[in-house]
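The values are calculated or read from the model by the stated rules, or taken from the named source; none is laboratory data. Note that the structure is predicted; figures quoted are calculated from it, not measured. Cβ coordinates were reconstructed from backbone atoms using ideal geometry, including for glycine residues, and neighbour counts include every protein chain displayed. The protein model used for the area step is the full one, side chains on, heavy atoms only, and it has no ligands, DNA or RNA in it. Shrake-Rupley method; radii C 1.70, N 1.55, O 1.52, S 1.80 Å.
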Amino acid sequence: MGGSFLLFSYLLSVFASLLSFTVVKADSDLTRPSFTPINRDLYHSSDDLIEQIKSLVHRHPDKLTVETIKAGNKGYTSEITVVTYCQSRKETDDKSKFRILLSFGQHGRELITSELALRILSILSEEQFLPKMDRASLNGTLENVVIKIVPMENLNGRKLVEEGNLCERRNGRGVDLNRNWSVDWGKKEKDYDPYEENPGIAPFSEPETQIMRKLAISFDPHIWVNVHSGMEALFMPYDHKNRTPDGLPSQQMRLLLEELNNVHCHKRCMIGSGGGSVGYLAHGTATDYMYDVVRVPMSFTFEIYGDNTATLKDCFKMFNPVDHTTFKRVLNDWSAAFFTIFKLGPHQIDVHSKAAVSSMDKWVSIDEYFDGYLMGRRNRYGKKMEVLEVGMQEIRTYFRLFLLSSVLLLFMFCSRISKTGRQIVSAIPI
């Protein structure tokens, strides 16, 4: 009897321990943050998405072309795929047409933006169609338009996200590509987050921004759109100021954004300057560079989706739709919005208006000239360009010293003339 009682007590204590462990584990599961994984049924991998796009181009060589641009420095390399839509396929005719440059996937965690790029290209190739749009209307809209699309600007950062770092927005070496441009670069606000907003060691230190700058300057677009996610918004310059530009271009941009908000965003989207609308200023952004330096008349940043119910660490859910219904709605609404831009844009701006910009406004710095030259030669000759790059950096330094010494010599010469003139005047008898 006593042995049975001891056995019963032992079994009871074991059961109590197991029950206690289960309760503690359940409590820990409730308090542990949950992270939404990438929905592989909705989203392509980066490799698959680029392959799908290249296959699409291959099936429609009469309208689409594709090129892969590579660049690198200090052991870090990157590549960007650029797709061009043009009905005539005559590159020499680009400057006579209305030009639009679109960039997607600048931040690695914003997967939905690259899916939108694929959808737009599928509609441009007429493999898919928007509701209530026929082929004749589509072709008529796009006859005099050239569109360059960068479906995934930050490929290296995207791969880090696919490896499990779902909150990564920076490139492969930890630089925020939307803080690496030269307009107001490097300035830090009080709420600056070095992990999120690392601007790099210098403007255009990153191969990705070097490629995009060269593409923008050579293509000289009338409209630029940098596509992001995280909220629903239609932003115009400026990001580094709490205001929009003055004059007619600003009014034209706002009118177009209001049309998009009413028709496609269902009046949910925030409209205004990025710096004045979001609640913080951003320095060294692509859109500010496009407007101030490249002189793109209509420069925008679109935020196409955001889930404000997601926790700060549940990044995939915060920046990307996780269910099929929302995923489909976002792609349909924003594809339609972009085709409204393709339709209304040429009527908002004179195609030849950019040619009227003064030559002074189109000058670029010696740094930009050398960087563009180096990148182009490096893409052509690869590693053989490393020695030339070092030489060009030395030439750049000597050129700066030459300019500085020339200015000093000119100042000394003028000062000497001024003193000589006073001595001559004083020697004349009155």
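How charged is the neighbourhood of Phe104? Take every other residue with its Cβ under 9 Å from the Cβ of Phe104, and add Lys/Arg as +1 and Asp/Glu as -1.
Values: positive: none; negative: Glu110, Glu115, Glu153.
Local charge sum for Phe104: -3.
Provide the per-residue ³J(HN,Hα) series for the stretch 123-133, in order, calculated from phi with Karplus coefficients 6.51, -1.76, 1.60 and θ = phi - 60°, each as a whole number of Hz, with x at glycine and proline positions.
Karplus values, whole Hz, x for Gly and Pro: 6, 4, 7, 6, 8, 10, 9, 7, x, 6, 10.
Where does each of 194-201, 113-120 land if you order them by average Cβ count within 10 Å, highest first? The partial results should precede the final answer.
Values: 194-201: 15.9, 113-120: 24.0.
Result, highest mean first: 113-120, 194-201.
Given the peptides 236-242, 203-209, arrange them by the average over their residues of other C-beta atoms within 10 Å, most packed first.
Details: 236-242: 22.4, 203-209: 24.4.
Highest to lowest by the protection proxy: 203-209, 236-242.
Of all the C-alpha pairs in the stretch 44-353, what % are more than 33 Å from each other? Could you put the intermediate results ahead of the total?
Details: 8083 of 47895 pairs.
For the stretch 44-353, the fraction of Cα-Cα distances above 33 Å is 17 percent.
Mark the label point 7 Å from the Cα of Arg295 along Cα→Cβ and return the residues of the stretch 201-220 whose backbone N is within less than 15 Å of it.
217-220
Could you state how much accessible area Glu127 has, in square angstrom rounded to the nearest 10, with a 1.4 Å probe and all protein chains kept in place?
About 80 Å², rounded to the nearest 10.
Sorted by mean Cβ packing within 10 Å, highest first, what order do the peptides 274-287, 68-81, 146-159 take?
Working: 274-287: 20.8, 68-81: 16.4, 146-159: 24.9.
Per-residue Cβ counts within 10 Å, averaged per peptide and sorted highest first, yield 146-159, 274-287, 68-81.
For the stretch 208-282, with every protein chain kept in place, what is the accessible area per residue (1.4 Å probe, Å²)?
Values: 2760 Å² over 75 residues.
About 37 Å² of surface per residue is accessible.
P(r) tail for the stretch 73-141, what percent of Cα pairs lie past 20 Å?
Values: 1125 of 2346 pairs.
In whole percent, the long-distance tail amounts to 48.
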